[in-house]
Each structure stands twice: as C-alpha cells, then as structure tokens.
Amino acid sequence: MKWLRTFTSRLYGFFSKQRIERDLDSEVQSHLGMLIAEKIRRGMTPEAARHAAMREFGGAEQTKEEYREQRGLPLVDGLLQDVRFAVRMLFKRPGFTLIAVGTLALGIGANTAIFTVVHSVLLQQLPFSKADRLAIVWSVYGNEGRAPASGPELMTIRERSRLFEDLGGIWAQSGALTGESEPEQVKLGMVTANFLGILGTNPQLGRLFLSSEEGPGGPFVAILSDGLWRRRYGADPHMIGRAVRLNGQPTTIVGVMPPGFKIIFPEGSSVPPEMDAFVPFRSQLASDPPDQSYLRVIGRLHDAVTVPQAQNELETIAAHLRSKYTTFVDPPLGLQVVPLQGDLVRNIRPALLALFGGAGLVLLIACANVANLLLSRANERTREITLRAAMGAGRGRLIRQLLTESVLLFCCGGAAAISFGWGALQLLLALQPKEMERLSGIQMNAPVFAFTFAVAIGGGLLFGLAPALGAGKLDLAKSLKEARQTSSLASRRHRNLLVSAEVALGFILLIGAGLMLQTFAKLLQVDPGFAPANVLTFRVSVPWEKYNTSASALLFLRTLKENLGGIPGVEAVGITSHLPFDDTLPNWYSFYWPEGAPKEQQNVIMADHRSILPGYFKSMGVTLLAGRDFDDHDVAENLKLAITDDTVAQEAWPGQDAVGKLINIENGNFVRDTAQVVGVVKHLQYHALTNQVRGQIYLLYPHAVRTHMAVTLKSRRNAQTLLPLIRQQVAALDKDLPIYHVELMTEYVESARQQTRFVTLLAGVMAGIALLLACTGIYAVTTYSVVQRTSELGIRTALGAQSRELFALVLRQSMLPVALGISIGFVLSLLLTPLLSTLLFGVRPTDALTYVAGAFLLSAAALIASVLPARRTMRVDPMVALRYE
C-alpha cells in the first residue's frame, strides 16, 4: 500500500501549498545562511561569502522546483499555473486574442453546424426501438428497382422468412373526417395490423391494432396521431372507444400515438412522415392480384442477422414467387433488402459529406491563420522566453506553457464557435432539403459539444506545436545579446508555407462553390415541360364509400371543373391524378409496348401512368407536339384513348408518327388493355429536374378512376382571393369534401431545386469565409514582414533604392506563396472535384472556366490584401529606421 501512502501524502501537499512554500523558503534560506556563515569563518568577506554560497548551493528556484516535484501533485499544480499564466497573456494582448478567437469561431463554428446535421442525419439512430434492425424490402422488376410490393408478395415473405422477426406494409392514402366540426382531409396510413408494432413505438393512449381487426369483415378502427388528437379533439383523454366519421364510416378510436412520432420512410416511397391517422387494411392481402403493387414493406431483422444474409433468403423467396405466379416471370421479380437508416440518407449523404469536407477545409484555413499569428507572437516573445530559460525553465516546461496557451486560445474559439454554429445551424434548417425534413429534430447535443471541444483541443495541440518547439531551440547567448529580435529566415519560410496552405485550401473551396453555382444556374434554366407561373393547385378526394361508381365520381369532377372555370379571372382548369414533383401519394407506373410487339419486346420499358380530364395540358402550359388533346366528347363516349409524351412515342415508334397507333397499357383497374394514341405532348419532369426517370402516358379519367385527384387552375388572380371562391364551389357540390394541399405550382418547382440550392449556398458561404481568412492571413503576414524588415528597408532606401522598387519587392515576395498555393490548389482540385460529380448538373468537374475564374478571384483578393501593407514601404524614413535599429 506504499502507492496509497504516497498518493495521500501528495494530495495533502497539493491542498497545503502555502504552508509548504513557507517551509520551503525557510529551509532554503536556512541552508544558505549556514553556507554563508561557514564561508565567513574561513575568512571571506560577507559579500564574497554570499556569492560563493549561492554558487555552491546552485539555483534556489531550480532547487525549489525539484522539491515541489516530490511533494503535492506536480502535473496538476503545473497545469493550473500554466493556465493562469496563459489567461494573463491572452488578456495582455486583447487585440491578438479577439482576432484569433474570431477566426477560430468561424472555422470551428462551421464544422459544429455541419457536424450537428451529419450526426443527426447520418450517425444518430432513428427514434425507433432497435432502429438498426429495421430494413426496407423493395421489389425489383428487370431494370426497375425500388418498386412497391403486392399483397401476395408481402404475405409470402412473411410466411417463408426465418431471418425477420416480422414484416408489415403501409399504403399512404387520404381520408375525410366529418361530423363534429368542419370537414378535414387527413393523411391516412393504411397498414397491416402489425406495422406499428414492428417500429417498436407504443401509443400514449390505448393500444395498437389486433390481428383480428385486419381483413374483410373486421371492425372499423383507427389510431390517431398526437397532432390530430390535439388539433381536432382538444387532447380529449377519453378519446379511446369514441367513434368518429372517417370517410363516411363510424370508426372507433383505439389508440393515440405519442408526440413527435413519424413514419420515417425514404424519399420516393410516397409515405409522408406526418401521418394523421392509421387504419388496418380491410382487404385479404394474400388474395390481392399479384401484379397490384402498392405496399411499402418494412421488416425487423432478428438479432445478429446481417443484411447480406437476409438478402440471400429473399432471393430464395423471390424464386418461389416466380414459380408460383406467372406475373412475376417476365420480367423476373427480384427482392432487395436495405437498412432503413441507409436508405433514408442515400440521396443526401453525398451532399452532407461534401459540405463536411468543405467545413474541414475552412477549419484548416482558420487554424493556419491562427498558427501564423502564434508564430509571429512567439517571435515577439523571444526575449521573454529567453529570460525564462536563463532563469532555469526547462525546455519541456516552456513547450508545455506555450501549448497550454495555444489550447486555451483554441478552447475560447471553440466556446465562441458554439454560438456561431447555432446561428449557422438555423440557416441549415431553413434550407434543409426534403430528405432532412423526413428525419427527427436536428439539434445540438452532448456529442456535438464534445466534437467541438475535441476539435479545439486537437487544433490547439497540433497548430501550437511549431511555435512551442521553436521556443525550445533558442540560442540563449545570442538572444540575450540582441537588442531586439528580428524574424529569422526559417520563421518567414514557415509563415509563407502556411499562407500557401491557406491559399491552396481556399482555392479548392472556391472551385467547389463555383461548380455548384454553375449547377444551380443550369438548374434554373431547365425547362420542366410546363409553365408553373400563375398555376394554383389543390387536391380533393372523391371517396369510394360515397361516390361508389365511376359515373358519379366523374360527374362530380366534371361539374367541379366547369364551375371553377366560370370564376372570373380563371383561364383554364385541369384535373390530374399526379402533380409534378409531388411525392405525397403513391406513383403509378407500369410496362407498356406497341400493340402487336413480339414477346421479347414486352415488359421491358415502364412509363408513368396519369389519369386526367380534358384541360389539364392547357392549364399547365404543356406543349402539344402532335395530334390533339382529349375533349368532352371523348369522355362522354368513354373512348379508350391515350396521350403519350415524346419519350414514350420515340421509344415505342422510333422515327414514326405515334398518333393513331395502338398501345398496350395498364388501365385504372391494373388490367392490361389497349388504347389508341390521339396526341403527343412534351415530356414533363415529374420526379426531378436533373434527370428523366420515365416517360408518361395519360389516360382519360373514366378508364383510370382515382380517389385522390389534383385540380390545376391557371389564373391571373391572386391565390389568396381565389381560394375562398374555390372552397365555395367545392362546398356547393359536397359540403363534406375538404380541399387540401393547396400550393402554387412554382412552389413544387422550387422544392425540386431545394437540395442543389442548399449545397450551393453553403458551399458559397464556406468559400467566402475561406477567401476572407486567406486574405486576412496574407495581409497579416505581409504587414508583419514589413514591420520586421523596417531596418533593412531603411538601409535599402539609404543606399538609393526607390520607393516603387521597395513596393514591388514586398509585393513580389508576398505574392510568391500565393502563386505556390494556387498551383497546389489547382492540382488538388483536379483530384478532388470528381467526388462532386453526383451533385453536379450541366457542368464537368474539370470545367476550365471555373478554374480560371477561381484563380483570378483568389489572385485579385490576395493582391489587394498585399498592396495595403506593401504601401507602407513607400513611407519608410531611413533615418528613423536606422535609429529604431
């Protein structure tokens, strides 16, 4: 137990420092007194005896230091002393401290904001129980992946899988709540009875669905979201067991989900995160048509089961399905399993990682700037450090002191970065793309704070190391002889290398921002295929429970269209099942082929199918390329007609006129049928502005009846004045039908540009910060160099050098590291920008114009930053400079 006694003794010494210091001073003075008395007895004078005793005893302070290391906790004690001294030194130079802390706040704050998003989106688990066990199952048909599943697929997978604990499905729909107050359209999730249980979230009131409540003949039951429960029913605690009218049916409420609960599914799944209510399927899923695919399937893997193992099992099940159902033979059905977390962020991950890398470059530039300041300050403190070394401070102690100052400075920058990062995070959240909107709340938390201060401490140690090591290599004799310290060639070289590094990193960020800016400019020029200006859209659901024949639903929609067209200022009215860039309802797409095509050319190419009424193309400003639009006669005669876009026309009949041709399609009842093409329109960008996913086929509403339809109104009137008139017309036809998803078409287009705008703006902000920091570093180094070389410049002037020659000399020497940095940055950019290729559109990663513009901008900014301090050389008075020396 010797170590315990030693530790106890040292701990006691640490908390009794004042008494120990008094005893130590008394003991040292006693020893010196005895030595002096001994020298005097030998015949020395008191003065000579004192000097001799001091030489024989050695350095008193060094002796005390050795003694202190044997008592107390020297590491803790020394660290506290270093921190106190570092605080005094930082307050001694407030200008230096404020500049350094501000620079670090920019660099570390940018990383804090981006890391907050990266941690919440890419690293943090989803708010479900054992979220890492959740996986999405997609159907694959030939080259078409990420397709929904049919009822037989889901039930077969559930029956035959041994690696999944359970599997369930959801189909996003819409429903109308009527009765007690104003009718309200709600987002309705039709689910298997076990679906919510798979997510592992229990309701705050009531229970989840029972298996007996799923299927035909089951009771009408529903589970409400917390938002709907509070908004419509005032958070009534007695809601469980109460009946409400949902889609015209008395429905019993059996549960209320907890606050913040979301259905977090990937973009493109047509499952919005904010569901208002859930109801169990009332159909027998196993008996559904096998080619009627609409379910989004999620499963929970058993513990220790890997995704590749589950994939192997699903491939076996897919083979069984192909052998059981001829529908799945051509094209062959495949099944794909992917982790839910990974699938959610597949689109946003490249953008976030690119931004995180850019923020890292900003941090390096900021740290290089501060390192330059520390080098300059260390040079100014050479005499102080020399005196401390002469008084006995060891090299290790000096290095530790300077590193403590550096780390403390970086930690102050980290603390300031929290505030800057919070502000930057608000900007990120204001611009967040749809992929981030689907995820849980993004906020600063303990891991983010830990990251921030880990970066600060690591940066302080790394970038404070060079000045600290330089201070440990001082030549005491030379330093003490010099009247003033001038910067050495090695010190200037180090500062110039840091400037080159800043410029190189800044050049990379400028190129990245330039490429994204060009991408966004190209995106603004993309023709979506329609004219979104002055088009107001809204959705209205025609429930089958009330309009239980296609004729009654058609009559309602045609009457509504006619009445809306009579509103003053309305130029055109259209009705469609799907709006461009609207992912709130499931997409409808299927195989098509020219009638009479051989077997090998069938089930090869898919197209999006859309149900419309005449007038849709006119209201959206779609260009008719050939043939004609649908008309009221086509609807009245119930003709089997189709209009295709130019993509489908070219794929089906290359080099021919598509008008008059017959096309094999899937009708509104998911049954193969034949329609005659009467027109060809320009392709519409339905899913994304930057790529063409599939062609489009438009069918008349009577042959493709859909419950949820969107109305498009082209009008010169303001949307706010138009909306009450629209509600009035809908209520006049059916007071129980609410309208919902009221948006301008321009808002849908803007949402399609959201991710590119997000990345472009942030890349531009980081490039701007990098440019500012690089210019600040160049200005500081040039200014410091001019001050340090005052005597040299004075001598050159005295020997006949002209002011403009000195100006050119300083300017040339300050621009040399800039030129080196641009050259290095050029090479690095060529290597790194291909990583951005997935984010670019209409521009190559090696675009020459972007590189030239970046080099010119950075050179111009560096030149301006160099000119200002270089002009000081033109005002150097040689007599003053030499007298200063």
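At 4 °C and 1.567 mPa s, what whole-number value in µm²/s does Stokes-Einstein give for the translational diffusion of the stretch 129-172, with Rh from the Kirkwood sum over Cα pairs? Write down the numbers at each step before the final one.
Values: Rh = 11.9 Å.
It diffuses with D of about 109 µm²/s by this estimate.
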(request) Provide Rg over Rh for the stretch 512-562; use the alpha carbon set for both Rg and the Kirkwood Rh (inverse mean inverse pair distance). (result) 1.36
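From the protein chains alone at 1.4 Å, what is the descending order of accessible area for Glu805, Glu153, largest first?
Numbers: Glu805 100, Glu153 0 Å².
So, going from the largest accessible area down, we get Glu805, Glu153.
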(request) Using only Cα atoms, locate the centre of the stretch 105-130 and the centre of the stretch 661-686, then give the distance between them in Å, rounded to an integer. (result) 46 Å
(message) Past the 21 angstrom mark, what percentage of all C-alpha to C-alpha distances in the stretch 596-667 do you count?
(response) 30 percent
(message) Suppose accessible area is computed on protein heavy atoms with a 1.4 Å probe; arrange Arg55, Arg844 from highest to lowest.
(response) Arg55, Arg844
(request) Bin all alpha-carbon pair distances of the stretch 483-634 at 10 Å intervals from 0 and give each bin's fraction as a whole percent. (result) 8, 20, 23, 15, 9, 7, 7, 6, 4, 1, 0
(request) Kindly report, to the nearest 10 Å², the accessible surface of Val843 as traced by a 1.4 Å probe over protein heavy atoms only. (result) 20 Å²
(message) For Glu666, what accessible surface area do you get with a 1.4 Å probe? Give it in Å², rounded to 10.
(response) 20 Å²
(message) Can you give me the Kirkwood hydrodynamic radius for the stretch 167-318, using every pair of distinct Cα atoms, in Å to one decimal?
(response) 16.5 Å
(request) Would you mind checking the pairs Lys130/Lys262; Lys187/Lys262; Lys561/Lys735; Lys561/Lys682; Lys640/Lys661; Lys618/Lys714 and listing those with alpha carbons more than 19 angstrom apart? (result) Lys561/Lys682
(request) Taking 7 Å along the Cα-to-C-beta vector as the label spot, tell me the Ser859-Glu144 distance in nanometres, rounded to one decimal. (result) 5.4 nm
(request) Send over the Kirkwood Rh of the stretch 182-249, from the inverse of the averaged 1/r over different Cα pairs, rounded to one decimal Å. (result) 13.4 Å
(request) Apply the Karplus parameterisation 6.51 cos²θ - 1.76 cosθ + 1.60, with θ equal to phi minus 60°, to every residue of the stretch 275-282 and state each ³J(HN,Hα) to the nearest whole Hz, in sequence, with x for glycine and proline. (result) 8, 8, 7, 10, 9, x, 4, 9
(message) Under the rule of at least 5 residues apart or a separate chain, name every residue whose amide H is placed under 5 Å from the amide H of Val659.
(response) none
(request) On a C-alpha basis, how far is the centre of the stretch 520-582 from the centre of the stretch 599-614 in Å? Whole number, if you could? (result) 21 Å
(request) Would you check the accessible area of Asp629, probe 1.4 Å, heavy atoms only, in square angstrom rounded to 10? (result) 40 Å²
(message) Order Leu828, Leu134 by their accessible area, 1.4 angstrom probe, all chains in place, largest first.
(response) Leu828, Leu134
(request) Starting at the first residue of the stretch 317-329, write each ³J(HN,Hα) from the Karplus equation 6.51 cos²θ - 1.76 cosθ + 1.60 with θ = phi - 60°, in whole Hz, x for Gly and Pro. (result) 5, 4, 5, 5, 5, 5, 6, 8, 10, 5, 4, 8, 8
(request) Over the stretch 698-782, with every protein chain in place, what whole percent of the accessible area is carbon and sulfur at 1.4 Å, could you tell me? (result) 57 percent
(message) Please list, ordered by chain and number, the residues whose modelled amide H lies under 5 Å from the amide H of Tyr589; skip anything fewer than 5 residues away on the same chain.
(response) His609
(message) Take Phe85 and Arg230, extend 7 Å from each Cα along the Cα→Cβ direction, and tell me the distance between the two endpoints in nm.
(response) 5.6 nm
(message) What distance in nm separates the two pseudo spin-label positions at Ser751 and Leu723, each 7 Å out from Cα along the beta-carbon direction?
(response) 1.6 nm
(message) Quick check: residue separation of Ala521 and Arg628 times 0.36 nm, minus the Cα distance between them. What number comes out in nm?
(response) 35.1 nm
(message) Test of understanding: what is the full-extension gain from Asp736 to Glu165, defined as 0.36 nm times their sequence separation minus their Cα-Cα distance?
(response) 201.4 nm
(request) Beyond 20 Å, what share of the Cα-Cα pairs of the stretch 125-246 is found? Please give it as a whole percent. (result) 55 percent
(request) May I ask you to evaluate 6.51 cos²θ - 1.76 cosθ + 1.60, the Karplus curve with θ = phi - 60°, for each residue of the stretch 622-633 and list the ³J(HN,Hα) values in order in whole Hz, giving x for glycine and proline? (result) 7, 7, 8, 8, 7, x, 9, 8, 5, 9, 5, 5
(request) Whenever you get a sec, compute what percent of the accessible area on the stretch 642-683 sits on carbon and sulfur atoms (1.4 Å probe). (result) 49 percent
(message) Over all directions, how big on average is the projection of the convex hull of the alpha-carbon atoms in the stretch 646-688, in square nanometres?
(response) 3.7 nm²
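Give me the number: length gained by fully extending Leu809 to Lys130, i.e. 0.36 nm times residue separation minus the C-alpha to C-alpha distance, one decimal in nm.
Length difference between fully extended and current span is 237.8 nm.
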(request) Take the alpha carbon atoms of the stretch 815-852, find their center, do the same for the stretch 444-464, and report the distance between the two centers in whole angstrom. (result) 29 Å
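The values are calculated or read from the model by the stated rules, or taken from the named source; none is laboratory data. This structure is a prediction, so every number in the text was calculated from the model and none was measured. No Cβ is skipped: glycine too gets one built from the backbone with ideal geometry, and neighbour counts run over all protein chains shown. Accessible surface is based on the protein model in full, side chains and every heavy atom, while ligands, DNA and RNA are left aside. Shrake-Rupley method; radii C 1.70, N 1.55, O 1.52, S 1.80 Å.
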